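First comes the structure, then the notes that go with it.
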Amino acid sequence: MSDVEKLISKINAQVKGFYLEGDVIVKAMRYLKRDGKVLFKRVDTGEEYLDEYKGSALFRKRIFIIGEVAKMVGRTAGTIRNYERSGLLPTASRFRYSNTDYRYYTYNDVREIESFFNSQKVGRPPKNRVYSRNELSEKLRKAKKGIL
C-alpha cells in the first residue's frame, strides 16, 4: 500500500460515521480522493450528495452509535443498554437506517456516560475492577449496616 493510499484509508476511517446536519442525520460513506470530497447519504431519504472534505465538519456534528460509545467508555453495548433501561443513564435518541433502529449519542452524551462509569459508588465497580461474589456480598452487607 502506497503512502497516498494509507493516507486515504486513514481519512476514510476518520470521516466515516453518522453526523447531525441541522435536524437531519447523514452518513459519511467515503472520501473521494480525486475530488477531495466526501460522499454523504441522508438517512431519511437515502439521497446521496458530495461535499467538500475541508468544510464538511464545520456545520455537521458527529454522533456516535452505541457500539462506538461502548468502545470509548470501555464497557459493552449491553451494559450501556441495561443502565439506560434502569434509568441510571438518560434515554438515547434514536434513528432508523437500513431497517434497523440505532441509538445515537452526541459528544456531550459520551462524556456524561464516561463520567457515570468512572464515578465510584457502591454497587458500581470501576472500569478495570471485577468483584467476586463474596466481595460483592460483603460490600452489600456493609452498605446495609451503614458502614460504608
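The values are calculated or read from the model by the stated rules, or taken from the named source; none is laboratory data. Keep in mind that this is a model prediction, so the values were computed, not measured. With ideal geometry, Cβ positions are generated from the backbone for all residues, glycine too; neighbour counts draw on all protein chains shown.
Restricting attention to the stretch 27-59 and to residues that are in a helix (DSSP H, G or I) and surrounded by fewer than 11 Cβ atoms within 10 Å (Cβ to Cβ), the residue that is modelled with the highest pLDDT turns out to be K54. When K71 is evaluated against the numbered criteria (1) in a helix (DSSP H, G or I); (2) modelled with pLDDT of 85 or more; (3) over 22 Å from V15 (Cα atoms), which criterion, by number, is the only one it fails? In the conditions (1) in a helix (DSSP H, G or I); (2) modelled with pLDDT of 85 or more; (3) over 22 Å from V15 (Cα atoms), K71 misses (3) alone.
The condition of being outside the structural domain of G17 (by TED's automatic domain parsing), surrounded by fewer than 15 Cβ atoms within 10 Å (Cβ to Cβ) and closer than 18 Å to D23 by Cβ does not hold for S98.
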